[in-house]
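Worksheet: one structure, shown below.
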Amino acid sequence: MRLLSYLNLRLTRLSPRRAALLFALIACALTATSVGVGKATDDYYWSAVFRGVPGLPEVTNGILDTFSFGKGEPDEHSRYLARGIIPWWADAQWRIAFWRPLSSLSHYVDYRLWPDHTWLMHVHSMLLYAALAYATTRLYQRHLNPRWMAALAGLLFAVDSAHGLSVAWLSNRNAILSALFGVLVLLHHDRWRRDSSPLHGVLACASLLIGLLCGEGTVAIGGYLFAHACFIDKGAWSKRIAVLLPYLAVVVVWRAVYSSLGYGVTGTILYTDPLSDPSGFIQNAVLFFPILLYSHFACPDPIYTMLFPGSWFAVYVAVMLLVLAVLAWAFLPVLRQNPAARFYGAGMLLAAIPYCTSVPQYRLLTIVGIGGMGLLGAFLGFTYESAAADATPPTGARRRRMVAQILVFLHLIVSPMMLPVHSYSMKYVGDIVERGNDSIPSDTGITKDRVVILNATGDIVYAMIPLMRSALGQPFPQAFWVLYSGNRELFVSRPDAQTLEITNPLGWMEQPWSFLFCRLPHSAMRAGQVIQTEGLTVTVLSVTPDGRPDHVRFQFSRPLEDASFRWLTWRDGAYRPFTLPPVGGSVVIPELTIQSALEQLVASQVRPIRDLFKRPSKD
């Protein structure tokens, strides 16, 4: 409790405005490492769109439509398939199209002002995060008392390492913008209801609309509005609910326009639309909801859970449920006593539900963290003041203090140390993709050739390469065909001069390597299914019990030795030339082990720490 005692002494002396400004500065300082990240993965998409997508006329997005990767239109699907922008196993209705015009506009402003200075784009994101830390602290100061408790919650939010990726990844700036305008919704709504200022009600609705145009994640703010009606607002219940109707109207109109413009998600397990696939969303929420809460309080990035083998994942789930049960027990006294704690706790739980539409990741926890850190600040402040008032606490209180000490260690010591690391680690994700792109031939003759990749280790390694090459002005092949994405051992045979057959007993579209293009169960593939594009016919010879291909024939329109083909395979962290087997022969492509994949992920966290403290070369 010594750290809390020190913070109590220091934070009590700060005025509310100075505390918020201080935490904004701390947020800037701890995320400053993001300035050196550069561009990564999706960042090349909007860069290419702003340049007119040279070399890829198939992509026709406008400058305010940089989060629309595919709209599921038949003509578009055929064009994308022919060039290799999507792989052969992608669902014909594959669509990932988000309507985020204001986030797109923020990137376009960057592009117009400093197109060759990516570090200034990162400064832009960093300053937006500082503004978010400031606004969130001001929100806590309206509900949490005494003053130091509100400041403590603001500090916890500002140094939360889960925010690092959202700051570091330019394309995830929409999460920061959605959270910022979401907090403004809550500030204006609270002033409307508690200060009787109707103007702030109008400003709250306007902030909600702006937030939705930045990112659909702003919908999660509805959870806090409902919690506010339950635990902060006064008066008859009918009136409390009635004041929420203007917000509901904004969301309904936004969603109607969103859908009418063709935006949405279908044909992929990476995202689940709760309106078009409610059963799939509910199934995901049962698992994803506790994972998000556990990751928020216990700090581990949930994306790593996707790599656990079945038996280890069961252990993870058991530990997760135990930790969440302990936390619920520990939080119970402050929840009973403090309406603000109930507001932030309930808001956090309700806000986490919309984020179950996607695979759990740290970058989904920004809006969830508004309530989570408000609740944590209330709990730590309550526990400290209880300890100061009771020299001989009962056993339950002593155990709650132990929980508080663990949470202090995780969120006030470990998390601030990891925030600069997470704010830089996106660079190494980008490096993997860039290394893959750099290993693909870039001679001018490639524009007339077809690049055929036998095995890409995952969607992330190849999916953005077409747009990356366009953004960088590099030549793009006539076609960019990926035959398999994953880490498994492949058996490749050649029955004739123009055909390859690939067998993988565990099947294509295996998680976690193929989230992006993995089909939903209702569109599972079947034996005998044929996918045809110019120059290539793919025939599914057999499938796994859950409808994923495990034996596939690839028949090309020319002999495989034709000079127009460039054959590649992923090996040793890059694409390498692939030697075709002779007619009647076969070859085995070795497995990329889970261990090596984990080593790559761990390296993405460890290497930033090493680089941050590495001495500059004397050269």
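The values are calculated or read from the model by the stated rules, or taken from the named source; none is laboratory data. Not measured: the values here are computed from a predicted model. Methodologically, a virtual Cβ is constructed for each residue, glycine included, from the backbone with ideal geometry; neighbour enumeration extends over all protein chains shown. All accessible areas refer to the heavy atoms of the entire protein, side chains included, with ligands and DNA or RNA removed. Shrake-Rupley method; radii C 1.70, N 1.55, O 1.52, S 1.80 Å.
Here the 3J(HN,Hα) profile of the range 47-58, calculated from phi with Karplus coefficients 6.51, -1.76 and 1.60 at θ = phi - 60°, is 4, 5, 4, 5, 8, x, 6, x, x, 10, x, 5 Hz, Gly and Pro shown as x.
With only Cα atoms counted, the range 311-423 has Rg and Dmax values of 15.5, 47 Å.
Any chance you could give the angle, 0 to 90 degrees and rounded to 10, that helix 147-158 forms with the longest Cα principal axis of the chain? In the chain, helix 147-158 runs at an angle near 10 degrees to the longest axis.
Here the relative contact order of the range 455-588, from alpha carbon pairs under 8 Å that lie six or more residues apart, stands at 26 percent. For the chain, averaging the sequence separation of C-alpha pairs within contact (under 8 Å, six or more residues apart) and dividing by the residue count gives a relative contact order of 18 percent. On the range 123-171, 64 percent of the accessible area sits on carbon and sulfur atoms, based on a 1.4 Å probe. Placing a pseudo-label 7 Å from each Cα along the Cα-to-Cβ vector at Trp114 and Phe313 gives an inter-label distance of 4.3 nm. Here the accessible area of the range 229-324 is 77 percent carbon and sulfur, with a 1.4 angstrom probe and all protein chains present. How much of the accessible area of the range 500-571, in percent, comes from carbon and sulfur atoms when a 1.4 Å probe is used? Using a 1.4 Å probe with all protein chains present, the range 500-571 comes out at 51 percent carbon and sulfur. In the assembled protein chains, Lys234 presents an accessible area of approximately 150 Å² (probe radius 1.4 Å).
Translational diffusion of the range 181-294 was estimated from the Stokes-Einstein equation, with Rh taken as the Kirkwood radius over Cα pairs; at 4 °C and 1.567 mPa s the coefficient is 83 µm²/s.
Between Glu73 and Ser5, the simple label model (points 7 Å from Cα in the Cβ direction) yields a spacing of 6.8 nm. Helix 594-612 axis versus longest C-alpha principal axis of the chain: approximately 60°, rounded to the nearest ten.
Once a ≥ b ≥ c are taken as the square roots of the eigenvalues of the Cα gyration tensor of the range 21-114, is the result rounded (a/c under 1.5), prolate (a/b larger than b/c) or oblate (a/b not larger than b/c)? Verdict is prolate for the range 21-114. Whole Å is fine, so just give me how far the alpha carbon centre of the range 461-477 lies from that of the range 121-154. Result: 39 Å between the Cα centres. Determine the distance separating the Cα centre of the range 1-39 from the Cα centre of the range 511-588; give it in Å without decimals. Rounded to whole Å, the Cα centres lie 52 Å apart. Solvent-accessible surface (1.4 Å probe) assigned to Leu120 amounts to roughly 40 Å².
Given the rule -39500 (n - 2.57) for each run of at least 4 DSSP H residues, summed and divided by the residues of the chain, what is its mean residue ellipticity at 222 nm, to the nearest 500 deg cm²/dmol? Value at 222 nm, helices only: -17000 deg cm²/dmol. Residue by residue, the range 409-426 carries 3J(HN,Hα) couplings of 4, 5, 9, 10, 10, 5, 4, x, 6, 8, 4, x, 5, 5, 6, 10, 5, 4 Hz when phi is fed to the Karplus relation 6.51 cos²θ - 1.76 cosθ + 1.60 (θ = phi - 60°); x denotes Gly or Pro. Ordered by solvent-accessible area of protein heavy atoms (1.4 Å probe), largest first, the residues Ser439, Ser196, Ser78 come out as Ser196, Ser78, Ser439.
Accessible surface calculations at 1.4 Å, restricted to protein heavy atoms, place the chain at 41 Å² per residue.
Length gained on full extension, Glu489 to Ile413, computed as 0.36 nm times the residue gap minus the Cα-Cα distance: 23.1 nm. Take Val583 and Arg18, extend 7 Å from each Cα along the Cα→Cβ direction, and tell me the distance between the two endpoints in nm. If labels sit at Val583 and Arg18, their model points lie 8.5 nm apart. Amide hydrogen proximity for Val159: with H placed 1.01 Å from N in the peptide plane, no residue at 5 or more positions away or on another chain lies under 5 Å. Around the Cα centre of the chain, unit charges on the Cβ atoms of Lys, Arg, Asp and Glu (plus for the first two, minus for the last two) sum to a dipole of about 2480 debye. Here the Karplus relation 6.51 cos²θ - 1.76 cosθ + 1.60, evaluated at θ = phi - 60°, turns the backbone of the range 553-567 into coupling constants of 10, 10, 10, 9, 7, 9, x, 5, 7, 4, 5, 7, 9, 10, 9 Hz, with x for every Gly and Pro.
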